[in-house]
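Following: one structure in structure tokens, then a few remarks.
The values are calculated or read from the model by the stated rules, or taken from the named source; none is laboratory data. Not measured: the values here are computed from a predicted model. Here the Cβ positions follow ideal geometry from the backbone for every residue, glycine too, while neighbour counts run over all protein chains shown.
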Amino acid sequence: MLKNMRENWRLFKETTRSLSTAEGLAIDDTLPWSVSNLGSPPILHLYTFVPSVIVGKYQDIEAALKLDRCKARGIEYNRRSTGGGTVIMGPDIVALGFGINVDHPGLKSGVGGVFESLSRVLIGALKKVGIKAAFRPKNDLEVHGKKIAGLSAAAESGKALLFHTSLLVDFDVELMIDIMNTPLIKLQDKGYNCFSQRMTTTRWELGRDLPVTEMMNAIQEAFEEYFGIRFVEDAPAPQEQRKIREFIDTRYTQRDWIFSHKHPRARMGIGQIKTKGGLLEIYLSLSGGSIENVVITGDFFSTTENIQRLENALKWTSARREMIEKNLASVWQDDMIYGVDVPTLTTAILKAKENQVRL
């Protein structure tokens, strides 16, 4: 009989209200912290946000968004702790945070492996409501070539990772166009004339008013089936509540966090390139023939530690290709920037160098 008992995982599920960006993101950041520091089993957080827009960890929020339009329309904005691009959130979009150990046997290794594993869960959830979806690298779930969910992840809390997704039950395309600045290089890369040709939602696909709670239930069941576990609805314990408050107070209500990863305002050369891992932007200044300062930003997936190691390896390096590649190779590890390799990063740096010389 014991062999038939399934492991219990924790479920934080909010169906009665939408959360502010600060509260929702703070709870999500607490999930891997609890797994890593408190020995908690994996935790799934299902909820919705108030009308809001959230940028990826390495994006420049002022470059990504028309903040004046956000303020005029009462749209909250914030920065999450996981990489990737900008997402529009609201009461008709399922927000999902998931904390789990990186070495869990149900997950493939690396960022790509995590996306592949957990995309199967979400494909199973969409199948339950009657939608056939597929995973499109680097991080999208698509239905007939149109995006219905974006995936994001980060592993910066011991051996635990945080997985994020936003699954579109319904969506306001006009709002997206009004408040977002989308780089021309991304529009050209996707080959679409307007956002509506790129997005879809469960309601559009099904032709019915699918309740958000029905989609949440399908996600819960798909997780249980994929991992062979059972969720027990729970709420943050006192120690977790204190950590949530700490994240709110020190991160998600702080200007230094929300407006971090700014593009440099000084005269620096810019190298922008679309990679398999996302949009990569390099800001670079030279002193003689050496790299005096370099900033790596974009909508890619990495960790703060890895980005700092790369930037530090480049400072005061000769700005010749062979020296850039040599210094990058000295610190390079697999998936330092998911989907990006040393030659690609070097190309972006050299583009920035060329533009710096022209200034």
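The set of residues from region 250-270 being touching a helix residue (DSSP H, G or I) at 6+ places or on another chain (Cβ under 9 Å), exposed (fewer than 13 other Cβ atoms within 10 Å of the Cβ) and part of a helix (DSSP H, G or I) comprises just one member, Thr250. From the list Glu281, Glu225, exactly one residue is charged (D, E, K, R), touching a Gly at 6+ places or on another chain (Cβ under 8 Å) and not in a helix (DSSP H, G or I). Which is it? Of the residues listed, the single one that is charged (D, E, K, R), touching a Gly at 6+ places or on another chain (Cβ under 8 Å) and not in a helix (DSSP H, G or I) is Glu281. All conditions but one from (1) in a strand (DSSP E or B); (2) more than 26 Å from the chain's Cα centre (by Cα); (3) β-branched (Val, Ile, Thr) apply to Val357; the one that does not is (1). Of the helices (runs of 4 or more DSSP H) lying entirely inside region 139-214, those containing at least 1 residues that are at pLDDT 90 or above span 173-179, 202-206.
For first residues located in region 8-26 and part of a loop (DSSP other than H, G, I, E, B), partners that are of a type in the set (Val, Ile, Thr) and lie 6+ apart or on another chain with Cβ distances below 7 Å form the pairs Thr15/Thr213; Ser18/Thr48; Ser18/Val50; Ser20/Val50. Kindly indicate the residue of region 5-24 that is under 21 Å from Asn101 (Cβ atoms) and at pLDDT 95 or above and also surrounded by the fewest Cβ atoms within 10 Å (Cβ to Cβ) among those meeting that condition. Ranking the candidates gives Asn8 first.
Considering only residues that are hydrophobic (A, V, I, L, M, F, W, C) and surrounded by fewer than 22 Cβ atoms within 10 Å (Cβ to Cβ), which ones fall in region 281-309? Talk me through it step by step, then tell me what you get.
Initial filter on region 281-309 (hydrophobic (A, V, I, L, M, F, W, C)): 282, 284, 286, 291, 294-296, 300-301, 307.
Correct list: Leu286, Val295, Ile307.
Each residue in region 311-329 was checked for being among the β-branched types (Val, Ile, Thr) and assigned to a loop (DSSP other than H, G, I, E, B), and 1 pass. In this structure, is Ser40 farther than 23 Å from His261 by Cβ, of a type in the set (S, T, N, Q), more than 16 Å from the chain's Cα centre (by Cα) and assigned to a loop (DSSP other than H, G, I, E, B)? Yes; evaluated as a whole, the condition is true for this residue.
Taking the condition touching a Gly at 6+ places or on another chain (Cβ under 6 Å), farther than 15 Å from Lys57 by Cβ and not acidic (Asp, Glu), does Ile270 pass? It is false that Ile270 is touching a Gly at 6+ places or on another chain (Cβ under 6 Å), farther than 15 Å from Lys57 by Cβ and not acidic (Asp, Glu).
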